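The values are calculated or read from the model by the stated rules, or taken from the named source; none is laboratory data. Every value quoted in this text rests on a predicted model; they were computed, and no experiment measured them. Cβ atoms come from the backbone with ideal geometry, glycine included; neighbour counts cover every protein chain shown. Surface areas here come from the heavy atoms of the whole protein model, side chains and all, with no ligands, DNA or RNA. Shrake-Rupley method; radii C 1.70, N 1.55, O 1.52, S 1.80 Å.
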Amino acid sequence: LDTPVELKLKLIPMLQHMHHDASQASCSRELLQELVSSYPSTPMLIVTLHTFTQLATSSLVDIPEQ
């Protein structure tokens, strides 16, 4: 909560690279889901959904959920 939203918007895309093992991808996906429910603003949703998609296409495990 202490991190400014502008900084979060810049850091969220880093999660798309957390696909090297299933547990990292799962943790990243859970964090993204929490962010979507906690910050429903349009810029946050756009960045988060784009990151969700990039993570799913890299890990291939979460494609059906995405």
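The mean sequence separation of alpha-carbon pairs under 8 Å and at least six residues apart, normalised by the residue count of the chain, gives a relative contact order of 40 percent.
Between 0 and 90 degrees, the angle of helix 22-38 with respect to the longest Cα principal axis of the chain falls at about 30 degrees.
Once neighbouring chains are kept in place and the probe is 1.4 Å, which whole percent of the accessible area of the chain is contributed by carbon and sulfur? For the chain, the apolar C and S fraction of the accessible surface comes to 63 percent.
Once the Cα atoms are used to define both axes, helix 42-59 deviates from the longest principal axis of the chain by about 20 degrees. Packing, taken as the mean count of other beta carbons within 10 Å per residue, orders the peptides 28-37, 4-13, 50-59 from highest to lowest as 50-59, 28-37, 4-13.
In this structure, the amide hydrogen of Tyr39, modeled 1.01 Å from its nitrogen in the peptide plane, lies closer than 5 angstrom to no residue at least 5 positions away or on a different chain.
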